Amino acid sequence: MKKQLLLLFFIAAVYGATAQDMDVLHYQYSIELNDKTDVIYGKAAITVSFPTKQNLLQFDLTDLDAKGKGMILDSIRSRNRNTTLILPRTNWIDHEPRVYHANKKISWSYNVEKWRNSARDTDIITVYYHGIPSDGLIISKNKFNKKTFFADNWPNRAHNWIPCNDEIWDKATVEFIVTAPSPYQVISNGIQLEETNLPGNKKLTHWKEDVALPTKVMVIGVAEFAVQHAGMVNNCIPVSSWVFADNKAAGFYDYAPAVNILQWFNDYIGTYPYKKLANVQSKTIFGGMENAGAIFYFENSVDGKQSHESLMAHEIVHQWFGDMATEKSFAHLWLSEGFASYLTHMYMEAKYGTDSLNKRMKDDRDGVLDFVKREKRPVVDTVSNYMKLLNANSYQKGSWILHMLRRQLGDSVFHKSIRDYYAAYAGKNADTKDLQKIFEKNSGKDLGQFFKQWLYTNENPALKITWNNIKKDGKIAITVEQMQNEIFEFPLDLLLISGLRKNKSEQLQITKRVETFYFLVKSEILQVDADYSTSLLAETTVKPNN
């Protein structure tokens, strides 16, 4: 192990390349699967661009682990060089050009300035490999004891079964050509170009996606499916249900709401970005996985009761936010998960009413307050283990941030900002500051304090509210004290309850550690209800000051 690390350090020191020196334009994967073993055979033709000088080409691809799982690199070829390198057992070729496969990377000393054809700055690198995936492609049996193959690439697990630049910011078009035993059907990103029966009871299926994707949402799903055309959106986007054949009636029923959900978000956000939407019963390790144009749901999402409408809405929102408009880094994951969470609440509000929204926001608030007390982490969070970002900050607090923007700026500004943000970054990458600029432009307000306190601070407001009637003056005095370390600025809605059905609402603008406000009242106030409109993410205690 030490020798392998030294070799890699030597290559990096001599050739000095970084991941940003290479841009993948297109992946074409040819994958062969079989029933008898979990070994897969792959061929990856990767079109790369070299925007800067570069002497080292690297792809992410897991090598063998101690248990014998992982990928074995068989050979690698360059179109421009007209060179094929076949790896010996040592995984190292000690002459020009040099290639090495270890530590989850293929490294190839690749002097672009020397080898590149002056007429073009791209190359097609073809990689042949095989092995048993340790992760990324989940090969298992479903609840009906039938073998299945499901890609599960999020967040950066694609390299466990396909060579790639496994970075969220590097988007590329992709096609999968899958050869599998003929009983299986194959679902993937994009549109199906071919399905051909082959000798030996095999079948070839070819899918191609022409919209550039991050690797986290590139997938194949292979199983004995039952497939139903569920409907059309805008008379041009087919929506289908792919469920295990053994529960097809329940599955078709459960996934049917996807048509109306997709139509609602298409109308609210903007035109759906892909040529189809397949909703797939799968073996994903998550509840749902927002793979572009081919959403995977956990296998027990099929129960015959349509129990997972909000899950479907959440994953469908991701087609716009996360898949098409992608965060620049996982530190800004809330731009995916917070958007999916809140726009799901908005869909449920439109269908079931405002009470539904308020209940969901209150439930989210409880989860956020508890999480941040325990973890003391901000929403924009840099951690190396991206799985740790699947937390209440990314989901529920991200949702609350959007909810507060909507409440404070109004529905029209909020709606325009959501549409403008998507239009500006569809097919691109964005971060939190990019979103802030959109909201500031549309609202005409400086939102620096808002974004700083809610996204970059590792706490939430804890408010101690006391009040008392000043009968001789016909007033009520209300004192608000912020108990947390950071001083937040926010509007606070109060309902002053008199018991005579002449309740009075007031909005306070909180900017200091301790503030007292006075209001004229026509009768004695019996109770003060803080945040009666469910508009603030805060922990509040309200007591009369006797």
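The values are calculated or read from the model by the stated rules, or taken from the named source; none is laboratory data. Note that the structure is predicted; figures quoted are calculated from it, not measured. Ideal geometry is used to build each Cβ from the backbone, glycine not excepted, and the neighbour counts take in all protein chains shown. Each accessible area value is taken on the protein alone, full model and side chains, heavy atoms only, with ligands, DNA and RNA left out. Shrake-Rupley method; radii C 1.70, N 1.55, O 1.52, S 1.80 Å.
Ignoring any ligand, DNA or RNA, what whole percent of the accessible area of the chain comes from carbon and sulfur when the probe is 1.4 angstrom?
For the chain, the apolar C and S fraction of the accessible surface comes to 49 percent.
May I ask which residue of M22, W334, S282 lies farthest towards the positive end of the charge dipole of the chain, with charges of +1 (Lys, Arg) and -1 (Asp, Glu) on Cβ and the Cα centre as origin?
Checking the options against the dipole of the chain, the answer is W334.
Counting only C-alpha contacts under 8 Å and six or more residues apart, can you give the relative contact order of segment 448-546 as a whole percent?
RCO, segment 448-546: 35 percent.
Order T516, T271, T122 by their accessible area, 1.4 angstrom probe, all chains in place, largest first.
Per-residue accessible area, sorted high to low, gives T271, T516, T122.
Can you tell me how much longer the chain between E167 and M232 gets when fully stretched, taken as 0.36 nm per residue apart minus their C-alpha distance, in nm with one decimal?
20.1 nm
Please sort by residue number the trypsin sites (Lys or Arg not before Pro) in segment 249-317 whose DSSP state is loop and whose Cβ has at most 10 other Cβ atoms within 10 Å.
Of the trypsin sites (Lys or Arg not before Pro), the ones in loops of segment 249-317 whose Cβ has at most 10 other Cβ atoms within 10 Å are K305.
Enter the accessible area of E539 (Å², nearest 10), with the probe set to 1.4 Å and all protein chains included.
Its heavy atoms expose roughly 70 Å² to the probe.
On full extension of the chain, what length is gained from Y268 through N103, given 0.36 nm per residue of separation minus the C-alpha to C-alpha distance?
54.9 nm
Restricting to DSSP loop positions (anything but H, G, I, E, B) with no more than 14 other Cβ atoms inside 10 Å of their own Cβ, which trypsin sites (Lys or Arg not before Pro) remain in segment 448-546?
R501, K502, K512, R513, K522
For segment 507-517, just list the computed ³J(HN,Hα) in residue order, Karplus coefficients 6.51, -1.76 and 1.60, θ = phi - 60°, integers in Hz, with x standing in for Gly and Pro.
10, 9, 9, 8, 9, 10, 4, 9, 9, 10, 10
How much net charge surrounds D323 when only other residues with a Cβ under 15 Å from its Cβ are counted (Lys, Arg +1; Asp, Glu -1)?
Charge balance in the 15 Å sphere: -1.
Relative to the present Cα-Cα distance, how much length would full extension add between N358 and D74 at 0.36 nm per residue of separation?
Roughly 96.6 nm would be gained on extension.
Find the relative contact order for segment 373-531 and round it to a whole percent, using C-alpha pairs within less than 8 Å whose residues are 6+ positions apart.
Taking the mean separation of contacting Cα pairs over the length of segment 373-531, I get 19 percent.
With both bridge residues required to lie in the chain, what share of the DSSP beta bridges run antiparallel, to the nearest 5%?
80 percent
I'd like the orientation of helix 432-443 relative to the chain: the angle between its Cα long axis and the longest Cα principal axis, in ° from 0 to 90, rounded to 10.
Once rounded, one gets 50 degrees.
In Å², and per residue, what accessible area does segment 428-546 have when probed at 1.4 Å with the other protein chains present?
Value returned for segment 428-546: 54 Å² of accessible area per residue.
Excluding residues on the same chain fewer than 8 positions from K248, give the aspartates and glutamates whose Cα lies under 19 Å from its Cα.
Partners within reach: E224, E299, D303, E309.
What accessible surface, in Å², does a 1.4 Å probe find on E459, ignoring ligands, DNA and RNA and rounding to the nearest 10?
20 Å²
Residue by residue, what Karplus-based ³J(HN,Hα) values in Hz, rounded to whole numbers, does segment 518-534 have, using 6.51, -1.76 and 1.60 with θ = phi - 60° and x for Gly and Pro?
Result, rounded to whole Hz: 10, 9, 6, 9, 7, 8, 4, 8, 9, 7, 10, 9, 8, 6, 5, 8, 6.
For segment 255-368, what is the relative contact order in percent, using Cα pairs closer than 8 Å and at least 6 residues apart in sequence?
Here the relative contact order equals 20 percent.
For mean projected area of the Cα convex hull in nm², the choices are (1) 30.1; (2) 50.0; (3) 25.0; which was calculated from the structure?
(1)
If amide H atoms are built 1.01 Å from N in the plane of the peptide, which residues on other chains or at least 5 residues away come under 5 Å of the amide H of S134?
G70
Would you kindly derive the ³J(HN,Hα) couplings of segment 164-179 from the backbone phi angles with the Karplus curve 6.51 cos²θ - 1.76 cosθ + 1.60 (θ = phi - 60°), listing them in order in whole Hz, with x for Gly and Pro?
These are the phi-based 3J(HN,Hα) values: 6, 9, 7, 10, 5, 7, 9, 8, 8, 6, 8, 9, 10, 10, 10, 10 Hz.
Any idea what angle helix 2-15 forms with the longest principal axis of the chain, computed on alpha-carbon atoms, 0 to 90 degrees, nearest 10?
80 degrees
How much accessible area per residue does segment 228-349 have, in Å², with a 1.4 Å probe?
Value returned for segment 228-349: 28 Å² of accessible area per residue.
If you count only protein heavy atoms and use a 1.4 Å probe, how large is the accessible surface of I465, to the nearest 10 Å²?
The value for I465 is about 0 Å².
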